[in-house]
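Step one of this worksheet: look at the structure below.
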Amino acid sequence: MENLPLEIGLEILSRLPIASLIRLKSVSKSLRSVAENPRLRPLYLAHASRRDPSILLHSHGGQLHRLVLADDATNAVLIRIGDDQDFTKLAPAGSCNGFLLLCNSDAAAAADNDTTSSSSSWSSAAAPPVCLWNPLTGHQIQLPPAPTAAGFPEPLHAAVGLGPDPTTSAPKIVRILYYNRPTMFGFVWTSQVQVLTVGGAWREMGRSVWNLKPGPSEATLQLANTAALHWLTLGLGQGSSSSAVKIVSFDLREEMFREIAFPATCFEGLGRDRYTISHLAELSGRLSAVVSGPPDHEATTPLEVWAMKEYGVKESWARDFVIGNHHLPPSLMNPTSYEGGAVRVLCRIRSNTTSTRVVFLVQFARGGLASYCPENQELKELVVVPVLPRFFSAALHLESM
C-alpha cells in the first residue's frame, strides 16, 4: 500500500468496511496517514450506498445495540454500543454521513406504555434534536437549541428527519411540530416547520398542511441531483378516499413539501377496500411502500411491497413482491401473544448467496426479526444472541468515518 500512488490507495481504502479502515490506522504510520487524508472521506461517502446499512436496535429500557448478521442472514449477534450516551433519554432519529441524529425522547415512558411502536415516544413531547453522534469514532456535534414558538402550548407531537444537503453534503435536519393553538374562538390545529443545516442556525419555514406521522422520516432517498425525506400522513380512512393515508416528501434542496402520488389501483379488488399503506422504506435506492390489510386482520393478510421505479413518476409504481401470511414463522403468529403488531420492512441486505434478502422487523408483543428471500418466498425468524429485548425500535445507519 505504501508503494501505491495516493489516488489508488485512497480508492482501495474507500471500499473497505469502516471497522477495517479504523483498524488499519494502527498498522503503520504511513497507512494511518493515508487513512486520515481529507480526500478519503468524500470518496468513502460516495461508496456508502453500495454497502449494507447497520441495523440498530433501541430498547425501550434505554440501550442501543448493533445487530450483526451472519452471512446467510438467519443468525445474528447483538453488540451493545453507545455506553457514552444516555439512551434512556435519547433516541436515534436519522442517519447521514456516518452520524446518527439523537433526539431527546423519553424511551422509559414508551416502555411504560407497553408498546413496540417506534413512534410511541414521539407523541407526547417535541423530542428536540440534541446532537449528531458517530457511533464508531465517538465524534459528537452538539446542535443549537431548537427555537420555541412564543404563545404556543406544548406540541402535541413532532416529526423529524435527517438527510444530506444536495449542494454541500452537510447534514440537514427538518422538524415539524404540531399544536392545538388556543384562540378566542377555541383551539385551532396548526404546525410549525423548522430547518437546520449543521453549522448554521435554525430557520423557520412556515407550516405544513399535512399531518405527518410522529417520529423519524421513514425513507431517505439520495439521488443524483437531490435528496428527500418521506413520511406518511395520519389518514382517517383507507383506500382511495380523500382522507386516505398519503405519502409526503420534503425536498432537501428546494426545502419544499410535496405529495407523492400512489396508484389507487393497488387497493382495488375483492376485500381490499380496507387496505392501506402501513409504512415506507428505501429498498435498493428506491422509494418503497408496504401495503397491508386492516389492523384487525393484519396478521392474516399478505404484505405487498410496491416500488417506485422512477422517482416522482406515479406511473412507475409497481408491485415488487408479496409476503403471504403463510410465510410467517408460527412462533410469531401465536394468537395469545398478538397485540395489534405489524411487520415492518427494514432494508435489503446481501448474503453469501446470489439471493437478495430482505430483513423484517416483526412488531408482535413478543418482538422478533426475520429474513425473507423473494426468490424462494422463504421467511425465517432470526436466531439472535443474546435474546432480543421485548420492546425495541429499529433504525438504519450507514457507517462512515
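For this structure, a couple of remarks:
- Residues listed by number, the range 215-236, amide nitrogen under 14 Å from residue 165 label point at 7 Å toward C-beta: 227
- Amide H to amide H, with H built 1.01 Å from N, residue 215 comes under 5 Å of 158, 159, 160, counting only residues 5 or more places away or on other chains.
- Cβ-based net charge around residue 311, under 12 Å, with every Lys or Arg adding one and every Asp or Glu removing one: +1
- On full extension, the segment bounded by residue 187 and residue 256 gains 22.1 nm, given 0.36 nm per residue less the C-alpha separation.
- Cleavage-rule hits (chymotrypsin sites (Phe, Trp or Tyr not before Pro)) in the range 153-185: DSSP loop, at most 11 neighbouring Cβ within 10 angstrom: 185
- Counting Lys and Arg as +1 and Asp and Glu as -1 over every other residue whose Cβ lies under 13 Å from the Cβ of residue 143, the net charge comes to +2.
- Other-chain or far-sequence residues with amide H under 5 Å of residue 130's (modelled H): 102, 103, 104
- ³J(HN,Hα), Karplus 6.51/-1.76/1.60, whole Hz, each residue of the range 197-208, x for Gly, Pro: 8, 4, x, x, 10, 5, 10, 7, 10, x, 10, 10
- Label-point separation, residue 24 to residue 149 (7 Å along Cα→Cβ), nm: 4.9 nm
- Per-residue Karplus couplings for the range 131-142, computed as 6.51 cos²θ - 1.76 cosθ + 1.60 with θ equal to phi - 60°, are listed in order as 7, 9, 9, 9, x, 7, 8, x, 5, 9, 10, 6 Hz, Gly and Pro entered as x.
Read the figures in this text as sums done on the coordinates, not as results from a lab. Bear in mind the structure is a predicted one, so any value in this text is a computation, not a measurement. Virtual Cβ from ideal backbone geometry, glycine too; neighbours counted across all protein chains shown.
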